[in-house]
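Here's the structure, in structure tokens; my notes come after.
The values are calculated or read from the model by the stated rules, or taken from the named source; none is laboratory data. From a predicted model like this one, the values you see are computed outputs, not experimental measurements. Note: ideal-geometry Cβ built from the backbone for every residue, glycine included; neighbour counts use all protein chains shown. Areas reflect the complete protein model, heavy atoms only, side chains present, ligands, DNA and RNA absent. Shrake-Rupley method; radii C 1.70, N 1.55, O 1.52, S 1.80 Å.
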Amino acid sequence: MAFYIRSTDPNRPHYNASYWSEDGNPVPELDFAKHYSTESAAQTVIDTSGNWVHFQKSMGLTFSVVEG
């Protein structure tokens, strides 16, 4: 079981329902996305300020943890 960070942004369809790599690049498939062993580890990345997620949040994207 693995967990992934996914974003949604209806105003930017190319980011809508994207998964994310470890360095903050959107990827279209789980095969290329960064996986986390626990849901809390992925959520910590979303909740931590000063990283790529924080920057993308400031641009309007929303993030969630999904199981894959």
Charge dipole of the chain built from unit charges on the beta carbon (Lys, Arg +1; Asp, Glu -1), centred at mean Cα; most positive-end Cα among S21, W52, V66 is W52
With -39,500 (n - 2.57) per DSSP H segment of 4 or more residues and division by the full residue count of the chain, the 222 nm estimate, nearest 500 deg cm²/dmol, is -6500 deg cm²/dmol
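Accessible area per residue, 1.4 Å probe, Å², for the chain: what's the number? Don't skip to the end; give the middle numbers.
Working: 4160 Å² over 68 residues.
Value returned for the chain: 61 Å² of accessible area per residue.
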Label corresponding to Rg/Rh (Cα atoms, Kirkwood Rh) when calculated from the structure given, among [x] 0.93; [y] 0.97; [z] 1.05: [x]
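For the chain, which whole percent of the accessible surface, found with a 1.4 angstrom probe, sits on carbon and sulfur atoms?
Of the solvent-accessible surface of the chain, carbon and sulfur hold 50 percent.
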